[in-house]
Amino acid sequence: MRTYPTMTNSLLEMRDWLLAEKVTLVVMEATGDYWRPAFYLLEDCLNVILVNAAHAKGLPGRKTDVADAAWLCQLGECGLLKASFVPPEPVRHLRDLTRYRTSLTMERSREVQRLEKELEDAGIKLSSVATDIMGVSGRAMLEALIEGERDVHTLAGMAKARMRPKIPALVEALTGNFGEHHAFLCRLHLERIDHLTEAIGELSARIEEEMRPFTRQLELLQTVPGVGRGVAEAILAETGGDMARFPTAGHLASWAGVCPGHHESAGRHKSGRRRHGNRWLGAALGTAAMAASRTRDTTYLGARYRRLAPPPGQEESPGRPRTLDPDRGLAHAHPRHQVHRPRRRLLRQIRPRTRHAPPHPPGQRPRLHRPLRPHRSRMKTRQPLLR
């Protein structure tokens, strides 16, 4: 059955008709967000399964909506379809909150970039000296510029704390051609940033309230290297706290779309690009992987990153890039693929982590728990000819 934007009354009539016909199984194809209204109305009284469209492809050349519905019905009767994971209602509410907070955070970052672009247009190179132009010192200088202050020494004197030694560099960076036009646009950018910050804070408070039933899971997730409060909330909102739905960590990684693909035919390995998964979960895992690679303490994920990354001072090989770009398909080399294993174990056993990576001599790279397998080409040996 394919779903389209339909009025609620029509969906209720369809539900009553299905119950009157004593239907026991309803199969839905996931098409954008159109499946949500019908699924939410039917899940309480019928056995409804949501199917990935890639798992129920029909025969080529016979593509119609009626044929698709009949094909899904036949596959469902034969038990050849796998139900997609649909979280319960409380987790769905958390998804809406965390996803909206992520969207607002990204929008705030874009607004800060627009503000920086406006400063560059005026010849103000504040971002070249200050790490964060929206910090205490940078915000004070921006507000003074908007109010009409043009003395660079006065502006540089507003630096606080660790920015004080950079006053001579700030004098050079604040020398520009900042006019009334730039002041008007910068004021609008700052107001927009403040509004987004306020909305993000309100969302965070609501998420914290909704996360109270998952307090223990949040504490355990934050013991994984690189996983902070925000990342843990996003992970729980996308996967839920019940790991019994995923038999192994590999199943969880496959569902999230971060494991490598496998395409072999006639002994030839073709593209192993990972499939498209949950972009919200992928972004959270990418953030955790990048944070884990920069942990000060010795961890398995940090050691794995340092083993895969090029040595300091050397550029990457153009033929085999090994950076931790979240948009790349190197899930087998990406620590975010390894985050699923401890996360699933923690949520299944509900106990803190006790294992740590072994210490290593100073100045040397930490070794992994287990040695890496040699390359396939090194494993092959020439066999003697049989005469």
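The values are calculated or read from the model by the stated rules, or taken from the named source; none is laboratory data. Quick caveat, the model's predicted, so the values are computed rather than measured. Reconstructed Cβ throughout: ideal geometry from the backbone, glycine too, with neighbour counts over all protein chains shown. In case anyone asks, the SASA skips ligands and DNA or RNA and just uses the protein heavy atoms, side chains included. Shrake-Rupley method; radii C 1.70, N 1.55, O 1.52, S 1.80 Å.
Laid out as a table, the results:
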{"quantity": "Within segment 135-155, tally of residues that are of a type outside the set (D, E, K, R) and over 15 Å from residue 119 (Cβ atoms)", "calculated": "4"}
{"quantity": "Residue match in segment 189-197 (condition: open to solvent by 80 Å² or more (accessible area, probe 1.4 Å), outside any helix (DSSP H, G or I) and under 24 Å from residue 123 (Cβ atoms))", "calculated": "no"}
{"quantity": "Helices (runs of 4 or more DSSP H) enclosed by segment 199-260 - at least 3 residues per element that are open to solvent by 40 Å² or more (accessible area, probe 1.4 Å)", "calculated": "215-221, 249-256"}
{"quantity": "Sole residue being open to solvent by less than 40 Å² (accessible area, probe 1.4 Å) and either closer than 19 Å to residue 197 by Cβ or of a type in the set (Gly, Ala, Ser) (or both), chosen from 122, 169", "calculated": "122"}
{"quantity": "Filter result for residue 81 (open to solvent by less than 40 Å² (accessible area, probe 1.4 Å), assigned to a loop (DSSP other than H, G, I, E, B) and either of a type in the set (Lys, Arg) or modelled with pLDDT under 90 (or both))", "calculated": "yes"}
{"quantity": "Among residues of segment 156-174, those that are farther than 11 Å from residue 119 by Cα and not in a helix (DSSP H, G or I), counted", "calculated": "4"}
{"quantity": "Subset of segment 125-155 [β-branched (Val, Ile, Thr), touching a helix residue (DSSP H, G or I) at 6+ places or on another chain (Cβ under 7 Å) and in a loop (DSSP other than H, G, I, E, B)]", "calculated": "129, 133"}
{"quantity": "Output for segment 161-202, where each listed residue is under 17 Å from residue 128 (Cα atoms) and among the charged types (D, E, K, R)", "calculated": "162, 164, 166, 172"}
{"quantity": "Matching residues, segment 190-234, being closer than 15 Å to residue 88 by Cα and touching a helix residue (DSSP H, G or I) at 6+ places or on another chain (Cβ under 7 Å)", "calculated": "210, 211, 214"}
{"quantity": "Where residue 99 falls short, out of the listed (1) open to solvent by less than 90 Å² (accessible area, probe 1.4 Å); (2) more than 30 Å from residue 247 (Cα to Cα)", "calculated": "(2)"}
{"quantity": "Single residue of segment 43-78 satisfying the filter (in contact (Cβ under 8 Å) with a residue 12 or more places away in the chain and among the β-branched types (Val, Ile, Thr)) that is surrounded by the most Cβ atoms within 10 Å (Cβ to Cβ)", "calculated": "48"}
{"quantity": "Residues within segment 146-166 that are of a type in the set (A, V, I, L, M, F, W, C) and open to solvent by 100 Å² or more (accessible area, probe 1.4 Å), tallied", "calculated": "0"}
{"quantity": "Number of the condition not met by residue 317 [criteria: (1) assigned to a loop (DSSP other than H, G, I, E, B); (2) at pLDDT below 75; (3) open to solvent by 100 Å² or more (accessible area, probe 1.4 Å)]", "calculated": "(3)"}
